[in-house]
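Below is one structure, written out as structure tokens; comments come after it.
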Amino acid sequence: MVEIREILAPRGSNARSGRKLNYFRGVTIHETDNWGRGAGALSHARYLQGGGSSGFASWHYAVDDKLITRSIPEDEAAWHAGDAGRSTGGNMTTVSIEICVNPDSNYETAKQNAIELAVDILIRHDVEDAQGYLYQHTDWSGKKCPRRIIDEGAWPDFVHDCEREYERRNGYFSAGKYVRVRYGAESLNGESLTSEEHLKAYIITSVSNNYETAVINVNGKLMTFETANLFYVFSDLSMQVGTMVQVRRNAPTYTGGKVSSFVYDGVYRIDNLDMSIGRAVLDQNGINTPFNVVELVIVDKPTGSISVGSMVRVTRGVKTYTGGNVSSFVYDNVYPVDELKGDRAVLDKDGICTPFNVKDLILASSTPTPATIKVGSRVKVRQGAKTYTGGNVASFVYNNVYPVDELKGDRAVLDEDGICTPFNVKDLILQ
């Protein structure tokens, strides 16, 4: 990563909030929208060092193609998200990065520097991966920022590149690990793989240049690739046919195809698995789609029996206890077992109120409880749930993700600036 130079805005200026972050929710990406020559990271840092504008605007980091500047300490809120002092908003919970767009800076290089910086921040805050911790300015205030990333539809690629950088930093690309080569990628010597070779996994024999490049053994021939063009394989050797998994958000299919957004919210069974090439086909009776196993996350199936009060998922593709069809949304949610007689379990009497065979249910170990949901958590509302006071809920609410803005006991108020509705914590699904 390029040099990080600290040039702090002065205390007491409008650029400094003087308030600590309430907690760490992630990193917010901006672009400066300053197209003047020389308007790079140093120029922006000096602007804040001079006190900034008469209004309240600031950022933690500015990034160009050669330099990163830090203007606000990471543990202090900056005025960047356009949501004032909202306790769970971007200003009070995220670290901000401004990507410089001046014409004398290489934009793509600056963007790559921002990716490396974002991952560095996430690692220092002990998050499990990059997924779910990256935001755009527009997520907080609706402002069209980062403008060029939005115009080019490049946000999914930005998040994906952060994921890859996170994996690289955590040693996923090291000698002895197995990888696949990205379609269309060439070795440093300009060599390409055949379509058949792209489907296979290869062992890394060595890495160099601070893990930027790796040598892999391709059918006895040593070839050097940039690690950005490699996919880590065999992330979890406990995967087998029958394992229930989720797909990592923004992951492509095994052949690089696009994925419908609803897929990322579902739980699927591995119906076909070839670990020699890291290929898993999910739900042959449903989405029937192949993925690289590195893009899959195992959904725990804890030991223990299902009983009244258990929270469960329905195995995708099964029918009801009486052989009836099941709406597709049912497979994507978690439900309480409200009645149990022998192998017949009735789920969610106040919601879907449907009987299933116990063998078709998956005990949900990751179901949120009052102890795991907190102010700032992002949640979905369980399909069919009522409000905390028993009121009806508009159908669109079940399809969206909301922040928990207030929490008292089992009562959680979601999205005070939006739907502003209280729910029982047991009816929320942590995202």
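FYI, it's all coordinate maths here, none of it is from the lab. Keep in mind the model is a prediction, meaning the values are calculated, not measured. Note that we place each Cβ from the backbone using ideal geometry, even for glycine, and neighbour counts take in every protein chain shown.
In this structure, the pairs whose alpha-carbon distance is over 29 Å, taken from 359/380; 111/258; 111/374, are 111/374. Report note on the peptides 388-395, 375-382: ranked by the mean count of other C-beta atoms within 10 Å, highest first, their order is 375-382, 388-395. Taking every DSSP bridge with both residues inside the chain, close to 80 percent are antiparallel. Report the paramagnetic label zone for residue 338: residues of the range 411-431 whose backbone N is under 16 Å from a point 7 Å from Cα along the Cα-to-Cβ axis. Once the point is set 7 Å along Cα→Cβ of residue 338, 424, 426-428 turn out to lie under 16 Å by backbone N, inside the range 411-431. The order of the peptides 115-122, 345-352, 137-144 by mean Cβ neighbours within 10 Å, most packed first, is 115-122, 345-352, 137-144. Values (i) 39, 33, 16; (ii) 66, 38, 17; (iii) 36, 23, 21 are given for comparison; semi-axes √(5λ) of the Cα gyration tensor in Å, derived from the coordinates here, is the one labelled (i). Using 1/(1 + (r/R0)^6) with R0 = 25 angstrom and r between the beta carbons of residue 3 and residue 212, what's the FRET efficiency to the nearest 0.05? Plugging the Cβ-Cβ distance into 1/(1 + (r/R0)^6) gives 0.90. For the range 119-199, the equivalent ellipsoid derived from the Cα gyration tensor has semi-axes of 30, 19, 9 Å, listed largest first. The tail of the calculated P(r) for the range 1-67 beyond 15 Å holds 58 percent of all Cα-Cα pairs.
The simple Förster model, with R0 at 45 Å and r as the Cβ-Cβ distance, assigns residue 271 and residue 109 a FRET efficiency of 0.55. The value of relative contact order for the range 17-97, using C-alpha pairs under 8 Å at least six residues apart, is 42 percent. Here the relative contact order of the chain, from alpha carbon pairs under 8 Å that lie six or more residues apart, stands at 9 percent.
Reducing the range 46-78 and the range 14-39 to their Cα centroids gives an inter-centroid distance of 6 Å. Kirkwood analysis of the range 39-122, using all unique Cα-Cα pairs, places the hydrodynamic radius at 13.1 Å. Modelled this way, with points 7 Å down the Cα-to-C-beta line, the labels at residue 298 and residue 325 are 3.5 nm from one another. Place a label point 7 angstrom from the Cα of residue 169 along the Cα-to-Cβ direction, then list the residues of the range 14-54 whose backbone nitrogen is under 14 Å away. Only 26-28 pass the distance filter. Sorting 213, 109, 28 by the number of Cβ atoms found within 10 Å of their own Cβ, with the fewest placed first, yields 109, 213, 28.
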